[in-house]
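The values are calculated or read from the model by the stated rules, or taken from the named source; none is laboratory data. In this text the structure is predicted, and so the values were computed from the model without any measurement. Ideal geometry is used to build each Cβ from the backbone, glycine not excepted, and the neighbour counts take in all protein chains shown.
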Amino acid sequence: MNDETWMAMALDAAVSARRRSSPNPWVGCVIVARDGRTVSGATEPPGGRHAEIVALHEAERLGVDPTGSNVYTTLEPCSHHGRTPPCTDALVAAGVARVVSAIADPDPNVNGSGLAALRAAGIETSVGVLAEDATEQLRPYLHHRHTGRPFVVLKLAATLDGRTSAADGTSRWITGEDARRAVHRLRSESDAIAVGAGTVRADDPALDVRLVDGPSPRRVVLGRAPVGARVHPCLEWEGDLDALLDHLGREGVLQLLVEGGAGVAGEFHRAGLVNRYVVHLAPAFAGGDDGRPLFGGPGIATISELRRGRVVSTRTLGDDLEIVVEPPNTTR
């Protein structure tokens, strides 16, 4: 098998860490021993072992000798003392021969020093194998390291004629069970979730994860949440959205999921703060212009101001359609 095959296995291993490792990156590691046997590992929750250490311990448990092995990691191994000792020290001590990383780690504490430490110890290194796949998998982490802010995902649900509620404000449920399960999965992958105080007053949402296995995000209400609302405990924010993103970024929030309503969606959209739009469309029609649109507030004045993006993916969710769109200036 070639490097791409082993790196694909490391990327698969990283999937298991996606919902538990934040604010650390969700990394996968595969060790290919000289005798052809393989072991893998993925990053544990904060304070736990990094993927490389998990894989080395698994090799020890199974009696697989890592001496002279090839190691495949989805992100450059760390070289500094954080919550845990440097992974580079453990790889050097294990006597591995070669470390292949999909991408370098832009964290200022690493930023090439991990690969340099390995090379200084006589270990062959390589970077760039399946880099595009690893970059996509680690988008929120990389965005946070480049900008200091969370990766903002705006989730929207609407009828085919673009209405998010009926004229009386009712909106449950426009989309079906499969779409709702996908939203709960998105919640479990997000460190925080934001809604407007109007949504809290109207719907009293819990904003937790129930339909999939995973952690619930911390909750942010733009405005004041009524006493006794199910969203408590939450951060109540009445300031500037840019300041909110800076605040959450400093607290280690890698991904912020914005669920609305239309007013909040419009504010994030017009401010250019959305990194990814996840739109769920139901095969249904409101049939008029008196329901709520996707975005509240003023729109463009003329067609030349139209905001365009690129379609990242589409898929069916039961009877519904999911369209994922990113603006052209999203930081990678």
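Determine if the stretch 70-87 includes at least one residue that is modelled with pLDDT of 95 or more and surrounded by fewer than 19 Cβ atoms within 10 Å (Cβ to Cβ). There is no residue in the stretch 70-87 that is modelled with pLDDT of 95 or more and surrounded by fewer than 19 Cβ atoms within 10 Å (Cβ to Cβ). Inside the stretch 98-120, residues that are of a type in the set (A, V, I, L, M, F, W, C) and either loosely packed, with under 15 Cβ neighbours inside 10 Å or part of a helix (DSSP H, G or I) (or both) make up a count of 5.
Rundown of residues vs (1) surrounded by fewer than 19 Cβ atoms within 10 Å (Cβ to Cβ); (2) out of contact with any Phe, Trp or Tyr (no Cβ under 8 Å at 6 or more places or on another chain); (3) under 22 Å from VAL274 (Cβ atoms), yes/no style:
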| site | (1), (2), (3) |
| --- | --- |
| TYR141 | no, no, yes |
| ARG149 | no, yes, yes |
| ALA157 | no, yes, yes |
| GLY162 | yes, yes, yes |
| ASP168 | yes, yes, no |
| ARG172 | yes, yes, no |
| THR175 | no, yes, yes |
| ALA182 | no, yes, yes |
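Within this structure, TRP237 fails the test of being modelled with pLDDT under 90 and over 30 Å from TRP6 (Cα atoms). All but one of (1) touching a residue at least 60 places away in the same chain (Cβ under 8 Å); (2) part of a loop (DSSP other than H, G, I, E, B); (3) within 18 Å of VAL153 (Cβ to Cβ) hold for ALA179, so report the exception by its number. Here ALA179 clears every test but (2).
Residues in the stretch 276-329 that are among the β-branched types (Val, Ile, Thr) and either crowded, with 17+ Cβ neighbours inside 10 Å or within 29 Å of ASP168 (Cα to Cα) (or both): how many? Qualifying residue count for the region: 7. Taking the stretch 36-94 only, how many residues are assigned to a strand (DSSP E or B) and either more than 21 Å from the chain's Cα centre (by Cα) or not assigned by TED's automatic domain parsing to the domain that holds ALA14 (or both)? Number satisfying all stated conditions: 6. Does PRO205 satisfy the condition of being surrounded by 13 or more Cβ atoms within 10 Å (Cβ to Cβ), out of contact with any His (no Cβ under 7 Å at 6 or more places or on another chain) and within 26 Å of PHE285 (Cβ to Cβ)? Here the answer is yes, as PRO205 does meet what is asked. Of all residues in the stretch 214-227, exactly one satisfies the criterion of being surrounded by fewer than 18 Cβ atoms within 10 Å (Cβ to Cβ), touching a Ser or Thr at 6+ places or on another chain (Cβ under 9 Å) and without any contact (Cβ under 8 Å) to a residue 40 or more places away in the chain, namely SER216. The residue list ALA14, ALA33, ALA59, ALA8 contains one member that is of a type in the set (A, V, I, L, M), closer than 27 Å to GLU251 by Cα and at pLDDT 95 or above, which is ALA14.
Can you report the number of residues in the stretch 182-197 which are part of a helix (DSSP H, G or I) and touching a Leu at 6+ places or on another chain (Cβ under 9 Å)? I'd like the intermediate steps shown before the answer.
In the first step, residues of the stretch 182-197 are kept if they are part of a helix (DSSP H, G or I); the result is 182-188, 197.
With touching a Leu at 6+ places or on another chain (Cβ under 9 Å) added as a condition, the list becomes 182-187, 197.
Residues flagged as part of a helix (DSSP H, G or I) and touching a Leu at 6+ places or on another chain (Cβ under 9 Å) within the stretch 182-197 amount to 7.
Scan the stretch 271-297 for residues that are in a loop (DSSP other than H, G, I, E, B), more than 22 Å from ASN329 (Cα to Cα) and touching a residue at least 12 places away in the same chain (Cβ under 8 Å) and the total you get is 10.
So is LEU62 over 18 Å from ILE103 (Cβ atoms), out of contact with any His (no Cβ under 8 Å at 6 or more places or on another chain) and buried (at least 24 other Cβ atoms within 10 Å of the Cβ) or not?
no
Here ASP168, ASP133 are screened, and the one residue that is part of a helix (DSSP H, G or I) and of a type in the set (Asp, Glu) is ASP133.
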